[in-house]
1. With charges set only on the Cβ (+1 for Lys and Arg, -1 for Asp and Glu), what does the dipole of the protein assembly as shown come to about its Cα centre, in debye to the nearest 20?
2. Cβ under 12 Å from B:ILE124's Cβ, B:ILE124 left aside: what net charge do those residues give with Lys, Arg +1 and Asp, Glu -1?
3. Two-decimal Rg/Rh of the range B:123-188 from alpha-carbon positions, Kirkwood Rh?
4. If you put +1 on each Lys and Arg Cβ and -1 on each Asp and Glu Cβ, how big is the dipole of the range C:527-588 around its Cα centre, in Debye rounded to 20?
5. If the reach is capped at under 22 angstrom between alpha carbons, list the lysines near B:LYS269, excluding any in the same chain fewer than eight residues apart.
6. Counting every Cα pair in the range B:1-117, what percent are over 25 Å apart?
7. What does the charge dipole of the range C:306-524 about its Cα centre add up to, to the nearest 20 debye, if the Cβ of each Lys and Arg holds +1 and the Cβ of each Asp and Glu holds -1?
8. If I take the Cα coordinates of chain C and project them onto the principal axes, what are the three extents in Å, biggest first?
Amino acid sequence: MPGTIVDDVELIDAGHGGGTPPPAGGDDDGDSSGSRRPVPRRAYFTALQLGLAAIVMFFMALASSYIVRKGLGLDWQSTPLPRVLWFNTAILLASSVTIVVARRRLEGGEREAFQSWWWVTTGLGLLFLAGQIIAWRQLAAAGMLLATNPSSSFFYLLTAAHGAHLAGGIFALFYVLFRPWSRSRISQRTAAELTSIYWHFMDGLWIFLFALLTLGR
Amino acid sequence: MLSRRPERGSTTVALSFAVFLILMTVVTVYIFWAKIWWFPPAITDFGHEIDAQYARTFLITGIVFVAAQFGLAWAIFKFRDQGQKATYFEGNNTMEIVWTLATVVLFVGLGLYARNAWAEVHFIGAAPGALQVEVTGQQFVWNFRYAGPDGKFGREKPELVSASTGNPVGLDPADPASKDDIVSPVIVVPANREVELIIRSQDVTHSFYVRELRLKQDAVPGMEIHMHFTATTPGDYEIACAELCGLGHYRMHSMLTVMNEPDFEKWEKDQEAANQ
Amino acid sequence: MVTHEDGGGHAHQHQPPSGFIRKYVFSIDHKVIGIQYLMLALFSVFVGMALSLLMRLHLAWPTAHFSIFKGGQMTPEQYLALMTMHGTIMVFMVLTTAPQSGFGNYFLPIQIGAADMAFPVLNMMSFWTTFLSLVVMICAFFVSGGAPIGGWTSYPPLSALGEIVGPGQGGGETLWIIGLAIFCGASLMGALNFITTLIDLRAKGMTLGRLPLTCWTWFVTAILGLLAFGVLLAACILLLLDRLAGTSFFIPGGLVVTDQVITWHKGGSPLLWQHLFWFFGHPEVYIAILPGMGVASHLLSTFSRKPVFGYRAMVGAVCGIGFLGFCVWGHHMFISGMSPYSAFAFSILTMTIGVPSAIKTFNWLGTLWGGKIQFNCAMLFALGFVSLFVSGGLSGLFLAQPALDLYLHDGYFVVAHFHLIMGVAAIFGMFAGLYFWFPKMFGKFMNEGIGKLHFWLTFIGVYAIFMPMHFLGLAGNPRRYSEMTAGPFLQALQPVHVFISIAAFITIAAQLIFLFNFIWSLMAGKEAKEENPWHATTLEWSIPSPPPFDNFAGVEPVVYHGPYEFSVPGAADDYIPQHLAPNLVRKA
């Protein structure tokens, strides 16, 4: 992350100058007379979708490698999935619910309720990651390490890759809470909406990976 | 650039460009047509089929090549700026459709036409009774193994591989079928008898390539890939590795010798005797 | 200066950056970033050419004494290291950066009427990440064992087993993979920016049907990059794990390397790498060529004073090439041991992708036909592009047929094919773009006379280098050989190699003429005072040279016309700029 405050602003502000801070309820795309045109709000959603497309391709490469490698595999040994993974899945699903609740509160103007629910979501996200680490340790204790067999290799790889992307999502959750939105080009509502789309996607991605690991065990 | 009139539609430049294109095209086509550097003669019927498909492809690409380069040369010369007005047209749908369809028919047709040759070498396997030779690639030599009189390949074990003590493919002496296996750094095959190659690698990916057979096959570690051919012309033919395998890739070279049946039988007997 | 006050009634401009670092180093201005990418590519292309020069010298004279090498002779592994880095640097640091991230960054926002890219800070980050990846890769030369020897395609097990299979395959290969992985991240960031900008930041009136073809190619190229680089990243991670963590994604069991049994790997598939790599690799080569096609179309139209012939077909062809580009990767693997049935399917798809390429060629000729052709340097390179693309593309028809590929695979015929398209046609696209856009970017013209010398030496030179490689391929010369000494048929081809090397030497030397022209023109070139010296139509020619930091000085342009309205009947001038209101168009 760029360090200075100026960079902070410019992260969202595509050099567009002038204009009063966006009103609390609405988003910009409003005309700031004569100054450099603002980047339209929908551009952020376009960018998010594109980013998700790239992430999908990355995980599809890993998933198809998994399927191919399994198909080769005289040496494919089942990796027993730690039961904590079911718990983690439930936590992540719950966080998708709480993030929706949080956003509804924000839309309704209930800032404190929004912040509480948003914190809950963040906490659940962190709890998920902790749970994944617990799953890793359980697996390692059972003697299944990264290089033990291809099935275990993929387990660690897929969960780590997902975890890394989820960590990015958690960073976004913190960012939505702490960034001074009054000086930004998009509103906190927009940022929250973008973050929640990403979050739901991470949720769905986990369901997919979990199903893959379970079926492919 | 506007202020410098002279070279805008310069006849010198146009002519030079057109002449170069024409010369380049003529010289290139000539070298191909005269076969100054060319394939060595094919030694299998399959090879002749391949050569026929090459001829078809050369014909089509040659015509397109000449037409396109000459067309470009002509356009450059004829339509150089001599003060005329350009003719405004945005396209011609009929022409687009015509040349698109023609291209589809030509290109896809060419591809489909080549199916049979490909099928012959890869959709169909070797007939039973073909002479089987196991080809093993390793950094940076080829080794060839024959099953010997018992017709069975003996077991190989990676732990037993030792080039320095004369067991490059790791033949297991504990397996009775290994005793009569013939291992040779060159491959010798009889003419007019189908040969089946079982291609494998010990370390990294190599590729078995004999020009006169018009065949090439990667030797992939962990896989045994089959290829078959029937050579018709006795002679010595070079084998070159065709997949980057390390610093010795350029010198991973061997020989394929095709012998008449009686000569081949004598060679086999000599090898078996040496084994005893 | 963070909060921007509303300046009362008048327009308040965003302040341009001040200070050297903000303006030229960590700039968020797409124009500066574009030039930074071009500088990175310029540096890389000279490094890449130097590497290939050394390669060609060794191939022509394998026993010659070169004092820069230990012991005075180039070893085979040094040759292979030069070759690996040549391919890698040229493909990634030149062909994937300059046409797209270089020119695209500079001109995409301007051509669509935007003030900058959608995400300028992300843009800056993508450049510096690219820079980091180049640094990491170059470091491979300097670690013990040196640079990797596995080629830019880095096939395992050669690339996965480490130093045991060859020098340079230890630390050098690891750095190479890490550098590449970083490059993937940089490219994904750039692609995202380009596509978002194109979709959401077009000025009023700039419909998709009025986009210049340069923008269309930057668009499709970015989509290819967005979808392909993630797959390469995954492949790099798997390969690193095989090398460093003892996994076996790509390494089968039972391997013996120089009599040593590899017991710590089993069950992996070398083919899996090839599938992942080429799924990325094929779109990658279209990433390398499409922007050059866009520039060629653009210039052929501008300097024939005629619209592009079949604009819609051209757009369709670009999209078709982009889509089909994802469906043909198996044609790199015909000989790999892949299923022959899949091979045949890939073959037909590959023949099909020749169709949109042919359409483009016909349409380029159609654009010239009936025109009023002007031979400035930019146009010469654009014309050269067409010739080279035809030459390079047609050899693809041979390689796309697996039965014919049996003979030609991994030989010099392939080397001829991809060099003519990527190593020459794409480069000509860049030269054309540079001569064309130089006055806009720098306010000066490149010298036409020196430029013409550069063009002729290069055009003749590249044909002299790469046409003979077809003949080597037909004679069966395999590629990636450090010398042709192993057997009689190779030795017989040595004279051709000498010819090629001499041609290469001359052609590479000619690029110094270009470098001189570039630097000299920057300092003392003829001033380009007019906004639109070429009488072109697209939006970049409606603003000063060089453009102000926010491109359109705060005023959003409005677009009324298509991008190639040249010699329109009834108009007095032989061009109608896109932004010119209809009532302002002078009638004849």
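1. 2600 debye
2. -3
3. My calculation of the ratio gives 0.99.
4. Details: 3 positive and 9 negative charges, 50 e Å.
In total the dipole reaches around 240 debye.
5. Reachable lysines: B:LYS152, B:LYS179.
6. Working: 3317 of 6786 pairs.
The share of Cα pairs beyond 25 Å in the range B:1-117 comes to 49 percent.
7. 660 debye
8. 82, 56, 51
Bear in mind these aren't lab numbers, they're just calculated from the coordinates by the rules spelled out. As the structure is a prediction and not an experimental result, all values here were calculated from the model. Glycine also receives a Cβ, built like all others from the backbone with ideal geometry; neighbour counts cover every protein chain displayed.
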